[in-house]
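The values are calculated or read from the model by the stated rules, or taken from the named source; none is laboratory data. Since this is a predicted model, take the numbers as computed values, not measurements. Note that each Cβ is placed from the backbone with ideal geometry, even for glycine, and that neighbours are counted across all protein chains shown. All accessible areas refer to the heavy atoms of the entire protein, side chains included, with ligands and DNA or RNA removed. Shrake-Rupley method; radii C 1.70, N 1.55, O 1.52, S 1.80 Å.
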Amino acid sequence: MLNIDLTGRRALVAGVADDAGYGFAIAKALADAGASVSVATWPPALNIFLNLLERGKMDESRRMADGSIMEFERIYPLDAIYDTLADAPEDIRTSKRYNERGDFSVQGVADRLVADFGERPLDILVHSIGNAPEVKKSLLEVSRAGYLGAVSASAYSLVSMVQRLGPLMRPKGSVLSLTYMASERVIPGYGGGMPSAKAALESDTRVLAFEAGRAYGLRVNTISAGPLASRAASAIGIIEKMVDYCAENSPLPEPVRAEDVGHVAAFLASPLASGITGTTLYVDKGYHAMGMAVPKE
Ligand SMILES: NC(=O)c1ccc[n+]([C@@H]2O[C@H](COP(=O)([O-])OP(=O)(O)OC[C@H]3O[C@@H](n4cnc5c(N)ncnc54)[C@H](O)[C@@H]3O)[C@@H](O)[C@H]2O)c1
């Protein structure tokens, strides 16, 4: 029987701080397929996340198909807007949420992975990070800093991770990120430069697939996911409306579930997808194929 077996593979999922988002569902699907999964969490969200885990608040959502509870091999602090610790300003480094975390930069995570697991510690890298300081502002209003902040946290962060973690990955490894169709179609209300960041992320996926494919034998893909009421998406302010609209107007008239994306991520990480790289793959119940809303009866 054809199945997804990631036994013996190690994954890092960056952008997990609760059990409501795509990163968590991907981590769970990878673990369900047998991979050892570490996560990287934004320092401002890390304490709450550790608390939820310790108090058993996520035990039910961590329960896997075989009945066991998913354990993260490591939980690393990561602020993906900093390539090295020296890039973080003094006031961030010394602030309460960061100062006891050690090196929370992208390079810091790379160094910790090597210290914990050796020279070639990784097979699967998932970037599930999105952040725009001015997400509620339209493109007519967004500041330069807000726009560049969105691109830095949501797109360059992938480039930085492939630069620094790509060389640590074993050949045939898989890099995956999450994008949204606002990169190519107008989604009113999804602002702050996020559409531009997603367009960059998709373009970078193609170029990184070529460069990291030739350099390290990696595959690089991105999933264009339908709307989900995650913590990050709630910041947009209209996520429930986006979810309902897509469910009503998609070929499959139902909301996208986080597991739908998790399962495709596990497939993309597996040898079954060894011919797929440089691709934007839609997991959105087919919404991207539509040209107009379904007329009301
Ligand atoms: N929810 C949706 O509707 C939707 C749709 C398509 C794509 N996506 C994408 O899916 C990915 C995951 O988002 P989600 O919606 O599941 O929400 P989420 O809140 O579960 O994940 C976003 C994560 O990014 C982390 N983060 C923010 N800034 C960071 C930084 N500087 N360094 C490190 N981590 C940082 C947050 O702490 C959070 O854990 C994002 O790329 C998002 O754009 C989401």
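Looking at the stretch 227-240, which of the residues that are part of a helix (DSSP H, G or I) and among the small types (Gly, Ala, Ser) is surrounded by the fewest Cβ atoms within 10 Å (Cβ to Cβ)?
Step one: of the stretch 227-240, the residues part of a helix (DSSP H, G or I) are 231-234, 239-240.
Restricting the remaining residues to those that are among the small types (Gly, Ala, Ser) gives 232-234.
Working: 232: 22, 233: 22, 234: 12.
So the residue we want is 234.
Let's see how each residue does on (1) surrounded by fewer than 17 Cβ atoms within 10 Å (Cβ to Cβ); (2) under 16 Å from the mean Cα position of the chain (by Cα):
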| site | (1), (2) |
| --- | --- |
| 198 | no, yes |
| 216 | no, no |
| 244 | yes, no |
| 265 | no, yes |
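From the list 24, 49, which one is over 18 Å from residue 265 (Cα atoms), among the aromatic types (Phe, Trp, Tyr) and in contact with a Ser or Thr (Cβ under 9 Å, 6 or more places away or on another chain)?
Exactly one residue qualifies, and that residue is 49.
Of these, 231, 214, 219, which one is within 11 Å of the ligand (Cβ to nearest atom), on the phi < 0 side of the Ramachandran plot and among the charged types (D, E, K, R)?
The match here is 231.
Name the residue, out of 38, 61, that is crowded, with 19+ Cβ neighbours inside 10 Å, under 20 Å from the mean Cα position of the chain (by Cα) and hydroxyl-bearing (Ser, Thr, Tyr).
38
Out of 224, 270, 250, report the one residue that is touching a Gly at 6+ places or on another chain (Cβ under 9 Å), closer than 30 Å to residue 64 by Cα, open to solvent by less than 30 Å² (accessible area, probe 1.4 Å) and not aliphatic (A, V, I, L, M).
The conditions single out 250.
Output the residues belonging to the stretch 4-28 that are within 16 Å of the ligand (Cβ to nearest atom) and part of a loop (DSSP other than H, G, I, E, B).
15, 16, 17, 18, 19, 20, 21, listed by residue number.
How about the stretch 76-178: which helices (runs of 4 or more DSSP H) wholly inside it have at least 3 residues that are within 15 Å of the ligand (Cβ to nearest atom) and not β-branched (Val, Ile, Thr)?
106-117, 144-151, 157-165
Residue 243: out of contact with any Asp or Glu (no Cβ under 8 Å at 6 or more places or on another chain), part of a helix (DSSP H, G or I), modelled with pLDDT of 95 or more and within 24 Å of residue 2 (Cβ to Cβ), yes or no?
Here the answer is no, as residue 243 does not meet what is asked.
State all residues of the stretch 48-68 that are of a type outside the set (A, V, I, L, M) and either under 20 Å from residue 178 (Cα atoms) or within 12 Å of the ligand (Cβ to nearest atom) (or both); if no residue qualifies, say none.
Within the stretch 48-68, just 49 meets the criteria.
Which one is farthest from the ligand (Cβ to nearest atom) among residues in the stretch 234-273 that are without any contact (Cβ under 8 Å) to a residue 60 or more places away in the chain and β-branched (Val, Ile, Thr)?
Per the stated criteria, the residue is 264.
Show the residue pairs meeting these rules: Cβ distance below 7 Å; 6+ apart or different chains; first residue within the stretch 167-181 and more than 25 Å from residue 131 (Cβ to Cβ); second residue part of a strand (DSSP E or B) and of a type in the set (Asp, Glu).
Here the result reads 170/123; 173/123, each pair linking the stretch 167-181 to a residue that is part of a strand (DSSP E or B) and of a type in the set (Asp, Glu).
More than 14 Å from the chain's Cα centre (by Cα) and surrounded by 14 or more Cβ atoms within 10 Å (Cβ to Cβ): is that true of residue 48 in this structure?
So residue 48 does not fit the description; no.
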